[in-house]
Structure formats: C-alpha cells, structure tokens
Amino acid sequence: MSDETDFDAVVIGAGFGGLGAALRLAEGGAKVALCEALAYPGGCASTFTRRGARYETGATLFSGLGEGQFLRQLRDRYAPELRLDFPDPVVELRAPGLTLPIPKDRDVLINALCALPGAPQARLRAFFAEQGRVAAGLWGLFNDPALLPPWDLGGFARLVGRAPGLVELVRLMGRPLSAAVRRHGLEGFLPLRIYLDAVCQITVQAASDEAEAPFAMAAMDYYFQGAGHVHGGIGQLAWALARGVEAQGGHFYSACRVKSIRREAGRWAVEARGETLRAPLVITNLLPQDLSALMGATSGAIPRLDRLGEDVAGGWSAAMLYLRIDPQACPRPEAHHVELVMDPSRPFTHGNHLFCSVSAADEERADDGARTVTISTHVSIPELLALPAEGQGERMRQIHESMRQTLAALAPELHAGRRAEMTASPRTWQRFTRRSQGLVGGVPRRAGLHHYTAFWPSAVAPGLYLVGDSVFPGQSALATALGGHKLGAYLLRGRPAPSVSLSPRPADVSPRHDP
C-alpha cells in the first residue's frame, strides 16, 4: 500500500458498483483509493481460479455490451482489445416438453412463441406490444445515462421530452406482472408462464406472480440489450476497469480487507491492512448490514441502513455447481447459456430451476483442456436460517442433489461430460464475497410502490454512500456500474468531466490484464 493515506475518496469494494464510482471520480480528477478484500476485482461478477481452472463466480448473462451501450463504452475506453462474443441463441430454455431458444432478435422470439401448439397468437402479440413499449421506455434510460437521476439540465430536458412514452408505466406501477398476463387472457398458456418465471427469477429476483410489472417488463428485454460474453471471463473486464482507475491516477488495493470505518475530525478514517486511509468521502459497495458492522453501528442507530438491510435479508443467496466438462460434451463451441426448469408447477428455486453458463471451447479455461460450467440456483435465506445448524447442512446437500438431477434430466450432455465438480453454498458466498449470510442478487423487485421512492443518491451519513445491488438501479453488473458512475458524477459537482464516451483516452494508458 502507498504511504499516501490522504484521499479525496475511498471506495470500499471493487464490484462493478465500486468500479463505476471509482472510475468516474478518478476521471474527474479526484484522488481515489479503491480497496478490495479479494485478490481480484468484480465481486459477485468476477472470474476466479481453483484447481487449475477458471470459472465465472456466478452463472450470469451480461447486458449493456452492445455498440454504444454503457459497459461497451467502458470496454472501448479501457480495454479495446478485449474480445466480446454475442451468442445466438442467447439462452436456451428447457423444461419437460419445451425447448425454447431465446434469440438475439425479439421478434424472432415472439414468432417462436406464437408458433407453439395452442398458442393464442393475437393475445400474445398484444401482450408483447405492451411489454415492448414499457421496456423501450425504461431501457432508454439505461442507454442514455443522463436521463437517470441525478440530472443535469440537459438530461432533465430530454427526460421531459420522453415523458409521454413513459405514461403507460403509471397504470402498471404497484402491480405484479401476472396481472398484465391475466388482462391479456394468457394465464393458461404454460410456455409463456415458464418463460416469464424463468426470466424474472434471474433478473428481478421474483416470480412473475409477484414481480413489479414495469421492472419485469423491462427485464424481459434483457436478452436483447447487448447481452454478450467477455472472452476469458467477466473478470477480464473487471480487471480492465480496475487498471483504468490506476490509469486515471487512482490507487487499486487488492487483497485489502477494510476492518472498520469511523468519523474522525470531520473526515472518515478507513482501517485497512494495518493502515488508516483518510478521506472526506467514502463510497461502499457493500450490503447495508455489512456497512453497519464496519461502522460498529447498533440496531436503530442508522434507520436507513436497517430498512435496507431488512429488504435485502428477505431475498436470496445461491447454491452453485462448478464443473469441468469434456470439450466434446457440448456441441456448441461458443460460450452460451442454458436455463433449466424441472417442474414448472413448483417455485423456480432450490434446484428446480438452474441457470448454466458454459465457457467457449477456445477460452482455455482449464489446464487439462476441459471447458468450465458455472451453474446456479436460488436459495431462500429466511427459509435456510429457520433451520438448526445441522439442518442447514442437510438442506444444502439436498439442494445440490436436486441440481444434479435437474441437470441430468434436462442437460444430459453437460451431466455426462463431467470430469470434476465443486459445490458452493451461501456460506461460500459469505466467505469469499464478504456479504452477510451470503446474500446475493439485491432486493427482490416484488410488486409495490416502494420501489419508486429512492432514485436520488442519499448519504447514509455525511460523506458516506452506498452503491451496488442494494440501491437504485441495482441488480446487474450493468445497473451497478451505471449506478456507481452516476453517483461519482453527482459527487464531483463542481469539477465535471466529459462522459465516458467522449473523454479522450490518455495516450500513455496501457491497461494490464491479470490472469
């Protein structure tokens, strides 16, 4: 660690939220320290190495990588040599009696659904027409970050100009997606329900009968919004952004666990790796309850953190299978994703629903030539914690076995091609990502108007802010990076820098990529 301990800002956590904030602050001329407890950046969206193989930490599909989109802008600026792949189909959804390839083209998917036996074509097209209007309005905010709060004058003016296109959201607010499905008379069309429950579970962290309709309708277009694969793993992009912080004059400290933060003489003192970093501003890419613990705050001392912590605690962790498979076991050579639903009548959790991310054949992920597969399923933390300690272990063994059974039934090529397997549980997530109880995925977007009350950046304490999947806009690498970037721009105020897409890249910047 540098001897320089006085900074304009300390960012704790190099997940994509922390990376976005640190980059924007450093681009604006702030002296930034970015601290990460792990030896690599990315947090829950990273790439790690175990037993001679590299795996994606989570089975995840990344959006915002299309031409002109936010993550693509960051990649073009800080790692233009980094290869991006765009598989088609993006995901293959499989359930008993249903195989639905989800292509890059939205109209192709709609036509495929309409071609299924018994499909109510007119009602399906009417539903997707409504969904498309809502999704276009909300994705427009992501694709033009100036439209998201906090606004400058130009961004606010453009938002007002788009207001007529957003009016349709009002009648959907506070209602579940299933209400819109029923209004179009589609509740009895099982393939649509499987598709909606699957996409909602992995994006807004809730089933379609409870997911907030505008969020869920936007999430339905996730596959069509620059969804792609970073060759070598998403960790390559995380490393590029961490090196970008350094290229802009910031400091990136890996394997640097922060032990405490406290207010001291009008500034924050951050204890990390035997040294005290001091700054008037601290941004934390942490869960609310983990920030409370770092501050030594008792229950009730910071009501906002308590409320956010309760929202997060009502959500999910994940059980994982990490596989090495024979290269010949999978017929598709490119990186791709397979989503599996064993029993559509049961909740899409606990091994009944899997999301599988398969590495490309030419990525050389393993020392024995194998391809790697990351497989995840949702695990209810409230349900798990209601069990005694010995019962929790048994429950996780049951979930992992259920995952294997679903894989064998619906993706036999992956199951039969296994060379090796590692498992992970909420306890694993807690150990490696330092997230309380292993909670991942952010706040479930269950129906309710409360989702619309916290769009503006709000300090937890003077000069202390949260970024990540617990706060707006949250829940994906794109959303957390954009949220961090917007917070950094807001905090710079009087020292604005050009947007990422317009900023000239310094001539002496040559980002390094760690393995």
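Read-outs: derived from the displayed coordinates by stated rules, not from any lab. Since the structure is predicted, the reported quantities are computational estimates derived from the model, not experimental observations. Heads up, the Cβs are rebuilt from the backbone with ideal geometry, glycines too, and the neighbour counts pull from every protein chain shown.
Quick notes
- Net charge of neighbours whose Cβ lies under 15 Å from the Cβ of ILE302, counting Lys and Arg as +1 and Asp and Glu as -1: 0
- Using only side-chain charges placed at the Cβ, +1 for Lys and Arg and -1 for Asp and Glu, the dipole size of the chain relative to its Cα centre rounds to 680 debye.
- Mean projection of the Cα convex hull over all viewing directions, computed for region 76-115: 4.0 nm².
- Cα gyration tensor, region 206-316 - rounded (a/c under 1.5), prolate or oblate: oblate
- Under the convention that each Lys and Arg Cβ holds +1 and each Asp and Glu Cβ holds -1, the size of the dipole of region 309-437 around its Cα centre is about 260 debye.
- Compactness relative to 2.2 N^0.38 Å, alpha carbon Rg of region 1-41: 1.11
- Within the shell defined by Cβ-Cβ distances under 14 Å, the residues around SER458 carry a net charge of +3, with Lys and Arg each +1 and Asp and Glu each -1.
- Net charge in the neighbourhood of ALA319 (other residues with Cβ under 12 Å of its Cβ; Lys, Arg +1, Asp, Glu -1) is +3.
- Percent of C-alpha pairs per 10 Å bin in region 266-373, short distances first: 11, 24, 19, 22, 19, 4, 0.
- Working from Cα pairs under 8 Å separated by at least six residues, relative contact order for the chain is 25 percent.
- Signed unit charges on C-beta, dipole axis of region 1-89, positive-most listed residue THR5, CYS44, PRO89: PRO89
- Considering only alpha-carbon pairs that sit under 8 angstrom and 6 or more positions apart, the relative contact order computed for region 256-333 is 19 percent.
- Within the chain, percent of DSSP bridges classed antiparallel, to nearest 5: 75 percent
- Taking amide H positions as modeled 1.01 Å from N, with prolines and chain starts lacking one, the residues under 5 Å from LEU34 and 5 or more places away or on another chain are VAL11, HIS251, PHE252, TYR253.
- Charge dipole of the chain about the Cα centre (unit charges at C-beta), most positive-ward option of GLY140, LEU241, PRO191: GLY140
- Note on region 1-92: Rg/Rh from C-alpha atoms, Kirkwood Rh, equals 1.02.
- Of the residues HIS336, GLY393, LEU354, the one whose Cα sits farthest towards the positive end of the charge dipole of region 316-438 is GLY393 (charges of +1 on Lys and Arg Cβ, -1 on Asp and Glu Cβ, taken about the Cα centre).
- According to the Cα-based calculation, Rg over Rh for region 316-438 is 0.99, with Rh computed by the Kirkwood formula.
- Percentage, to the nearest whole number, of Cα pairs in the chain over 42 Å apart: 14 percent
- Whichever lysines have a C-alpha closer than 18 Å to that of LYS486, once near sequence neighbours (fewer than 8 apart) are set aside: LYS31
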